[in-house]
Structures are given as C-alpha cells and as structure tokens.
Amino acid sequence: GAEPSTVTVSRDGADRWFVSILCEDTIARLAPVETAVGVDAGLASLVTLSSGEKVSNPRHERQDRERLAKAQRALSRKRKDSANRAKARAKVARIHARIADRRRDFLHKLSTRLVRENQTVVIEDLNVRNMTRNHSLARAISDAAWRDLRAMLEYKADWYGRELVVVDRWFPSSKRCGTCGSVSEALPLNVREWTCGCGARHDRDINAARNILAAGLAVSACGAGVRPQRSTPGGLSAMKQEDQRATAGIPRLSARVDAKRRL
C-alpha cells in the first residue's frame, strides 16, 4: 500500500538496468536475546567467532582472477573508439560486477546472521587503509572487504535494536592469553597456535575473538569513550564504543528495490 515518492531508472557499466523506488518504510526491532559474540577478522578465515566457529573466506576476486585477466588482455588489444573495444570493456565490467555482487551477497548474509543471533556484536577497529599499504597482502585484504562488513553491521545493529561495540585497534587481542591475561611480547603472523607460560594452548584467531568479546562486554558495561592511543600497547589498552542512533522503528525513507533483488 506504500506510494513511492521517487522512481529512478539507471544503468551501470556492465549494461545492467535497475529500478530504484524510494518510499516510506518502518523498520521493526528484533526481539532481545541474551547472546553476545566477538568477531576477529582474518584472511584464511574471513571471521572467527568467539564461539569457536570459523567462517571461511570465499575469496571471490581470486576465483575470477584468471577470467578477469583474460578479458583485460583482450580489451588492451582492441582499437581505441572501436565497437569491439566497447564490447570488450562491457565484458570486463560484467566480471567486476559479478565479483562485487557475490561479495556483497555473502557479506549481507553473514552480517544479518550475526545481528539476528546476538544482542551484542564486538569487532575490532581495523585501519584498513594502512593495512592495504602492505603490497603482499593488499589484494587479499581488499577482497575480504572488512570495511564493508563493518558498515553493514553498524546500520543493521541500529535498525534492529542491537549493540555494536568496536574495540580499540591497539588492544592486543591476539597476543593476550585468554586464561591468565598475560601479553606475549611477539607473535608473528605465521604462528597460528601458541602456548602461554601458564600452560594454556590457544588457537590464535579463537583466542583473539574471545578477548575481543571480553573487552567489548567490559566497555558495554562500564564505558570507555576515549580515542585510540597512539603508542605501542604494553598493558591494558583502552577501548571505544560506537554510539548507536535511536532510529530503529521510526518511519524513514530507506526502501530500495532493484530489478535484481538483493539481500
């Protein structure tokens, strides 16, 4: 029964047509639950949850890398301003669109699941821009799209009445023992399992996710609204919490319907 205020027809670089309909919508909050989860982002596993579950990284760009390279080589051979060059350019755009669509679909399903199943979701404040300066990992980090996942968690938590807590980027989640609380001085990335001096043996990612959850629950209970510290962490690190906007359940102009339905 809603009447759209605006209808926009558009076409993207892959020659796909979309219809966007702007109308008034009311977003209902989800029923409260008692569960909370810590989320550790990675490359081998896209995310590791404090429950011990690891969500594998689908690596969408790597799956289509050979096809994309072949299409780009064909494009480079076409004469400028020719009809064949336009066709080759559209083919490259379609491959890019396929990669982006699959990645977005996967992240939407994952973020929706995390928000629906948990009242509190705790994540790390990753500086993705600086991390992509590592040329050996930049392509894999960009394909993982951690920033997009965080953005989805932020607005979905706001919509459905959940709490999203962001832990300070300097918090030593991987190097801190979840049993005794001691912090290891060095823990290279190639070390995936390690044993603390107290005798506890940890999976690097699961231990980090549990430490992130513990830190986030402490922030949620006590608060610590401080800016990230700029020095190398040595002891307890301050955490920060995202402010949640109280807009869920309020009518807003937010509905978008595409020709190709997306989650």
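Relative contact order of segment 22-167, taken over Cα pairs closer than 8 Å and 6 or more residues apart, is 31 percent. For segment 24-164, the ratio of Cα radius of gyration to the globular rule of thumb 2.2 N^0.38 Å stands at 1.31.
For the pair residue 192 and residue 104, a Förster radius of 35 Å applied to the C-beta separation gives a FRET efficiency near 0.75, rounded to the nearest 0.05. Note on residue 151/residue 203: beta-carbon distance plugged into 1/(1 + (r/R0)^6) with R0 of 30 Å gives a FRET efficiency of 0.60. Converting the Cα gyration tensor eigenvalues of segment 102-234 into ellipsoid dimensions via √(5λ) gives semi-axes, longest first, of 25, 20, 15 Å. The protection proxy used here, the mean number of other Cβ atoms lying within 10 Å of each residue, ranks peptides 40-50, 79-89, 121-131 as follows, highest first: 40-50, 121-131, 79-89. A straight Cα-to-Cα reach below 17 Å connects residue 87 with the aspartates and glutamates 12, 15, residues fewer than 8 places away in its own chain not being considered.
Of all aspartates and glutamates in the structure, the ones whose alpha carbon falls short of 14 Å from that of residue 54, not counting any fewer than 8 places away in one chain, are 40, 203, 205.
With only the Cα atoms considered, segment 124-174 has a convex hull volume of 86 Å³ per residue.
FYI, it's all coordinate maths here, none of it is from the lab. Keep in mind that what you see is a predicted model, and the values were worked out from it rather than measured. Every residue, glycine as well, gets a Cβ built from its backbone with ideal geometry; the counts of neighbours run over all protein chains shown.
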